[in-house]
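The values are calculated or read from the model by the stated rules, or taken from the named source; none is laboratory data. Because the structure is a prediction, the values reported are computed rather than measured. Neighbour counts run over all protein chains shown; Cβ positions are idealised from the backbone, glycine included. Note: areas computed on protein heavy atoms with side chains; ligands, DNA, RNA excluded. Shrake-Rupley method; radii C 1.70, N 1.55, O 1.52, S 1.80 Å.
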There are 2 protein chains.
Amino acid sequence: MRMSEGVEWAVHCCLGIAWAPDDRALPAARLAAYYSLPAPYLNKQLQALTRAGILASTPGPRGGFRLARPLHAITLMDVVCAIEGTDPAFRCTEIRLNTPEGRATVDPGVPCAVDRAMNRAELAWRRELAGQTLADIHASVHPDVIAGARTHFTD
Amino acid sequence: MRMSEGVEWAVHCCLGIAWAPDDRALPAARLAAYYSLPAPYLNKQLQALTRAGILASTPGPRGGFRLARPLHAITLMDVVCAIEGTDPAFRCTEIRLNTPEGRATVDPGVPCAVDRAMNRAELAWRRELAGQTLADIHASVHPDVIAGARTHFTD
DNA sequence: GGCTCCCTACTCGGATAGTTGCTGTCCGAGTATGACTGG
DNA sequence: CCAGTCATACTCGGACAGCAACTATCCGAGTAGGGAGCC
């Protein structure tokens, strides 16, 4: 099980956009250059964030991305779902029904015990992600880093 | 992010092995036939469980797999780690250090805030997995299912 | 001088190849069983 | 009748293809801005 690298990029880029001046949108190319990331692929991730309603994009000259809502209203869960999708990591294929007596002895109304146990763990994971906002992460970043980003994005 | 399908197989097969008669080991082919799974690939998963010390294998005629320890001593975390590996799903690549001023402003001793937040969520997930044993799952399976499996494995 | 129109350049957006890891498969090494042979 | 030996068949174990998803990339649609031309 491996989370897409785009999630890390997405979180960092949301913070970078928050640190940029508010008066104008931040182009994807600028973000890519700042974090030394491949620009076209980063663009793809930012598009996903836009579709999820986390970012707002404006095309044309002086266009780019800006936050659709403040940092404290964006949870890590939002970002992860935007990039990775909403499907659960564990997907029960109901192999208990494939047993010789499966369809006779198993009550389809009762969910698979394995599935329930996995979902319980995944719920704890999601709950923890939903409990942390980008503002929380922002608060634990050293001010010098934020100041450095701001100057690089002001230009 | 998607968990390997082998995890589901592994948990169900551990239960199946537990339900089989204790006097002899259960061959992988028998398990595969019972759950309608591809035998060679299931064998691969069982090998992983053996390497992790969850199962014990005996080659030769009347050989097969049996539990290396009782159900209550096997957690879901054990099974997931055996199949998926121990690497965390989120792997921080420290892109914060790739910024122009990154190596100057970021203190390498302070961990990445994004990484810490993700690890916190993943820890909650692992904690929940470690808190559930196969005995717990076994307890919530209908007795008829267990009886059916036992007869099919006794033969 | 001011307004309108057009052209340019810039940006996002989705459609298109490359690569890694999971899925599925196969055959060889090793061993307990059972039969056979000799005492 | 019993013990030793051998052949056999069965099982796990690791090495080998196929496929899907992630990674990386490109080019086209759309738009704001600036300049030229006209009134």
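Those residues that are without any contact (Cβ under 8 Å) to a residue 60 or more places away in the chain and of a type in the set (Lys, Arg), I need them from segment B:1-35; list them, please.
B:Arg2, B:Arg24
Regarding segment B:75-96, can at least one residue be identified that is at negative phi, acidic (Asp, Glu) and facing another protein chain (nearest Cβ under 10 Å)?
yes
Name the residues in segment A:115-155 that are within 19 Å of the chain's Cα centre (by Cα), at the interface with chain B (Cβ under 7 Å from one of its Cβ atoms) and aliphatic (A, V, I, L, M), would you?
Result: A:Ala124, A:Leu129, A:Ile137, A:Val141.
Being without any contact (Cβ under 8 Å) to a residue 40 or more places away in the chain, out of contact with any Lys or Arg (no Cβ under 9 Å at 6 or more places or on another chain) and farther than 30 Å from B:His152 by Cα: is that true of A:Pro38 here?
The answer is yes for A:Pro38.
How do the helices (runs of 4 or more DSSP H) wholly within segment B:39-154 filter down when requiring 1 or more residues that are open to solvent by 30 Å² or more (accessible area, probe 1.4 Å) and under 20 Å from A:Leu15 (Cβ atoms): which remain?
Correct list: B:102-105, B:113-130.
Table: residues versus (1) within 13 Å of the chain's Cα centre (by Cα); (2) within 11 Å of DNA strand C (Cβ to nearest atom).
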{"residue": "A:Arg2", "(1), (2)": "no, yes"}
{"residue": "A:Val11", "(1), (2)": "yes, no"}
{"residue": "A:Ala28", "(1), (2)": "no, yes"}
{"residue": "A:Gln45", "(1), (2)": "yes, yes"}
{"residue": "A:Ala56", "(1), (2)": "no, yes"}
{"residue": "A:Pro70", "(1), (2)": "no, no"}
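Looking only at segment B:1-22, count every residue that is assigned to a loop (DSSP other than H, G, I, E, B) and not hydroxyl-bearing (Ser, Thr, Tyr) and tell me the total.
6
In segment A:20-34, what residues are surrounded by fewer than 20 Cβ atoms within 10 Å (Cβ to Cβ) and within 14 Å of chain B (Cβ to nearest Cβ)?
A:Arg30, A:Ala32, A:Ala33
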